[in-house]
Amino acid sequence: MTDQEYIKTRVDHQIEWYGRKSTRNRYWYQSLKVSEILLALLIPLLAGLITNETGYLKYVIGILGFLVAAISGVINLFKFHEKWTEYRVMAETLKQERYLYLTKAGMYSDDQAYNRFVERIEGHLSRENLDWSRYIKEQKQEDDEGGGQK
């Protein structure tokens, strides 16, 4: 496989994948966080408007409180912020390696550049996969311990 084939089929593909995932997680995090903030701001505003004629606002405030807690839980459960930043860091790391290799800068200035480039790219991807696997195992352990398993 030539270096251009490797860059196109492996590196560019991974950069695009991490970029898409980062963008999607950023969208969900920011959308949910803004919703959470706006709903939370409505609670004291509506509480100040409660009178004998607007007693129903107590129910509205209760529903808003429920929604704020639910949104906060979803943000925490799906870890949109953490994934957004992790995916963005990986995309930028891969881009940096690609640029250094293509310009033959630094460690990529000798006749072992291609081999070193592939090793570093695969090393980054492998570490990401190991981190993900470790995270899944920790989540399963937490679920087992929290679910009354002995």
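The values are calculated or read from the model by the stated rules, or taken from the named source; none is laboratory data. Quick caveat, the model's predicted, so the values are computed rather than measured. Cβ coordinates were reconstructed from backbone atoms using ideal geometry, including for glycine residues, and neighbour counts include every protein chain displayed.
Are any residues in segment 95-145 in a helix (DSSP H, G or I) and of a type in the set (Lys, Arg), and if so, which ones? Walk me through how you get there before you give the answer.
Let us first name the residues in segment 95-145 that are in a helix (DSSP H, G or I), namely 95-102, 106-108, 113-145.
Listed by number, the residues that qualify are Lys95, Arg98, Arg116, Arg120, Arg127, Arg134, Lys137, Lys140.
Take segment 54-73 and flag every residue that is buried (at least 17 other Cβ atoms within 10 Å of the Cβ) and closer than 17 Å to Tyr29 by Cβ.
Matches in segment 54-73: Val68, Ile71.
All but one of (1) closer than 24 Å to Trp84 by Cα; (2) out of contact with any His (no Cβ under 7 Å at 6 or more places or on another chain) hold for Tyr29; state the number of the condition that does not hold.
Of the numbered conditions (1) closer than 24 Å to Trp84 by Cα; (2) out of contact with any His (no Cβ under 7 Å at 6 or more places or on another chain), the odd one out for Tyr29 is (2).
Quick check on my filter: what residues within segment 78-94 are part of a helix (DSSP H, G or I) and not hydrophobic (A, V, I, L, M, F, W, C)? Step through it out loud before you land on a result.
Our first condition is that a residue be part of a helix (DSSP H, G or I); within segment 78-94, this holds for 78, 80-94.
Scanning segment 78-94 gives His81, Glu82, Lys83, Thr85, Glu86, Tyr87, Arg88, Glu92, Thr93.
Need pairs with beta-carbon distance below 8 Å; first residue closer than 15 Å to Leu41 by Cα and within segment 51-62, second surrounded by 10 or more Cβ atoms within 10 Å (Cβ to Cβ) and charged (D, E, K, R); sequence gap 6+ or separate chains.
Once the first residue is closer than 15 Å to Leu41 by Cα and sits in segment 51-62, no partner that is surrounded by 10 or more Cβ atoms within 10 Å (Cβ to Cβ) and charged (D, E, K, R) comes close enough.
Pick out the one residue from Arg88, Arg24 that is of a type in the set (Lys, Arg), surrounded by 12 or more Cβ atoms within 10 Å (Cβ to Cβ), under 29 Å from Tyr135 (Cβ atoms) and touching a residue at least 40 places away in the same chain (Cβ under 8 Å).
Working: Arg24 fails: touching a residue at least 40 places away in the same chain (Cβ under 8 Å).
Just a single option satisfies the conditions, and that option is Arg88.
Go through Asn129, Asn76, Asn115 for me and flag whichever is surrounded by fewer than 16 Cβ atoms within 10 Å (Cβ to Cβ) and farther than 18 Å from Val11 by Cα. Give the steps one after another, and end with the answer.
Details: Asn129 fails: farther than 18 Å from Val11 by Cα; Asn115 fails: farther than 18 Å from Val11 by Cα.
So the residue among Asn129, Asn76, Asn115 that is surrounded by fewer than 16 Cβ atoms within 10 Å (Cβ to Cβ) and farther than 18 Å from Val11 by Cα is Asn76.
Six or more apart or on different chains, Cβ atoms under 6 Å: show the pairs whose first residue is in segment 126-150 and over 17 Å from Phe78 (Cα atoms) and whose second is modelled with pLDDT of 75 or more and part of a helix (DSSP H, G or I).
That search, which allows pairs on different chains as well, returns Glu128/Met90.
Taking the conditions exactly as written (over 26 Å from the mean Cα position of the chain (by Cα) and touching a residue at least 40 places away in the same chain (Cβ under 8 Å)), does Tyr114 satisfy them or not?
So Tyr114 fits the description; yes.
Okay, residues lined up against (1) hydrophobic (A, V, I, L, M, F, W, C); (2) in a loop (DSSP other than H, G, I, E, B); (3) under 24 Å from Glu128 (Cα atoms):
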| residue | (1), (2), (3) |
| --- | --- |
| Lys33 | no, no, no |
| Ile43 | yes, no, no |
| Asn52 | no, yes, no |
| Asn76 | no, no, yes |
